[in-house]
Amino acid sequence: ARVRASGGHRLSALDDVTDALSRLSVACNSEMDLQAAVGQILDASGIANTPEADIGTGRIDFLAGAVGIECKVAGAPAAVARQVLRYCGSGRCDDGVLLVTTKASHRAIRGINSFPIRVLVICGGIS
């Protein structure tokens, strides 16, 4: 893990991925466009990843170590939350799941128990 310059504490793998993808600022008309943009940033940031990774509870858009990354441009928050929570129980995303989305309504999605789920809304920041 890297050390955050301002605070001196170590960044988690989820922090590393979130920091890299927070630079994402593209207009995505489809989930495929969003996935392509995410893949380009992960690769440019030197973050090893597996696209369309089968993690046993479904196929997540990217697996970067033990961080799952799911991309969404549509979907009701409850349906997306169910999908993300399935990924949390896979045993393959133990460092957390990052939902990269264009829908502000997805900000309501939260982790379960102590499992970290972050939501990055493109052009809207992180919640």
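Name the most mobile residue of Val97, Val26, Val73, meaning the one with the largest mean-square fluctuation, in a Gaussian network model of the chain with Cα contacts below 10 Å.
Val26
For an R0 of 22 angstrom, estimate the FRET efficiency from the Cβ-Cβ distance between Ala78 and Asn113 and round to the nearest 0.05.
Using R0 = 22 Å, I get an efficiency of 0.75.
For a quick check: with amide H placed at 1.01 Å from N, whose amide H comes under 5 Å from Ala64's, ignoring anything fewer than 5 positions away on the same chain?
Residues meeting the amide H criterion: Thr50, Ile69.
Give me the distance in nm between label points sitting 7 Å out from Cα along the Cα-to-Cβ direction at Ser25 and Gln40, one decimal.
Here the answer is 1.5 nm between the modelled labels.
In the chain, once you exclude exposed trypsin sites (Lys or Arg not before Pro) (DSSP loop, at most 16 other Cβ within 10 angstrom), what's the longest stretch remaining?
Longest site-free region, per DSSP loop and neighbour criteria: 24-109.
In Å², what does the accessible area per residue of the chain work out to with a 1.4 Å probe?
With all protein chains present, the chain gives 49 Å² per residue.
Ignoring ligands, DNA and RNA, please state the percent of accessible area on segment 30-75 from carbon and sulfur, probe 1.4 Å.
The C+S portion of the solvent-accessible surface of segment 30-75 is 54 percent.
For segment 61-76, in order, what is each residue's ³J(HN,Hα) by Karplus, 6.51 cos²θ - 1.76 cosθ + 1.60 with θ = phi - 60°, in whole Hz (x at glycine and Pro)?
These are the phi-based 3J(HN,Hα) values: 4, 8, 10, 10, x, 10, 10, x, 10, 10, 10, 9, 10, 7, x, 5 Hz.
Compute the relative contact order of the chain as a whole-number percentage, counting only Cα pairs closer than 8 Å that sit 6 or more residues apart in sequence.
Over the chain, the number comes to 20 percent.
For Gly96, enumerate residues with amide H under 5 Å from its amide H, sequence gap 5+ or separate chain, H modeled in the peptide plane.
Amide H to amide H, under 5 Å and 5 or more residues apart or across chains, Gly96 pairs with Gly68.
For the chain, what mean projected area does the convex hull of the alpha carbons give, in nm²?
It is 7.4 nm².
How big is the charge dipole of the chain about its Cα centre, in debye rounded to the nearest 20, if each Lys and Arg gets +1 on its Cβ and each Asp and Glu gets -1 on its Cβ?
About 440 debye.
Counting only DSSP beta bridges with both residues in the chain, tell me the antiparallel percent, nearest 5.
Once the DSSP bridges in the chain are tallied, antiparallel ones form about 50 percent.
Using helices alone, I'd like the mean residue ellipticity at 222 nm for the chain: each DSSP H run of four-plus residues gives -39500 (n - 2.57), total over residue count, nearest 500.
Mean residue ellipticity, 222 nm, calculated: -8500 deg cm²/dmol.
The values are calculated or read from the model by the stated rules, or taken from the named source; none is laboratory data. Remember, predicted model here, so these are calculated numbers, not experimental data. Using ideal geometry, Cβ is built from the backbone for each residue, glycine included, and neighbour counts are taken over all protein chains shown. Please note that ligands, DNA and RNA were not included when accessible areas were found on the heavy atoms of the full protein model with its side chains. Shrake-Rupley method; radii C 1.70, N 1.55, O 1.52, S 1.80 Å.
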